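Visitor: Following this message is one structure expressed as structure tokens.
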Amino acid sequence: MNKCRSLVKLLVDEIRHGKIELVESNEYSQLQKKYSKLGVGELSVIASAKHKIAFIEDRDAENAAWDEGVKVYNIPEVLLAGKMTGKFKNTEISKIINDLREKDGYVFKKAIEKELVK
């Protein structure tokens, strides 16, 4: 959780300074050679996020993105940053967690979920 908190502080700064931008790239062929185990979706995210940040849930893709110099955040980190910046209330976070669990089968670690909704 300590790693999560320090990464979230960086994300909070990105949100506060309006540095969040949505981009997409299909130019991932070089990455595909280097990270052959990753799927097209993960590779596209990494290629798109050069000199930006990426939101990735796959551990191998996160590691590859970090290796490529991409700042990477996952769902719990984004929710915690939203909470810390006042963008999300606890009730909204609880609803997001429940929706992710019910609709996508996403499972939060108990300690992380507890931290998010306290």
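The values are calculated or read from the model by the stated rules, or taken from the named source; none is laboratory data. Worth saying up front: this structure is predicted, and the values here are computed from it rather than measured. Don't worry about glycine lacking a Cβ; one is built from the backbone with ideal geometry, like all the others, and counts go over all protein chains shown.
Visitor: So, in segment 102-111, exactly how many residues are in a helix (DSSP H, G or I) and either under 25 Å from K37 (Cβ atoms) or at pLDDT 90 or above (or both)?
Guide: 3
Visitor: Here is a further query. Looking at segment 45-72, which of its residues are over 19 Å from L100 (Cβ atoms) and surrounded by fewer than 20 Cβ atoms within 10 Å (Cβ to Cβ)?
Guide: S48, K50, H51, K52, I53, D60, N63, W66, D67, E68, G69, K71
Visitor: Which one is surrounded by the most Cβ atoms within 10 Å (Cβ to Cβ), of the residues in segment 73-92 that are outside any helix (DSSP H, G or I) and in contact (Cβ under 8 Å) with a residue 24 or more places away in the chain?
Guide: Y73
Visitor: So, one more: Counting only residues that are without any contact (Cβ under 8 Å) to a residue 60 or more places away in the chain and of a type in the set (F, W, Y), give me the helices (runs of 4 or more DSSP H) lying completely in segment 25-68 with at least 1 of them.
Guide: The qualifying helices (runs of 4 or more DSSP H) are 59-67.
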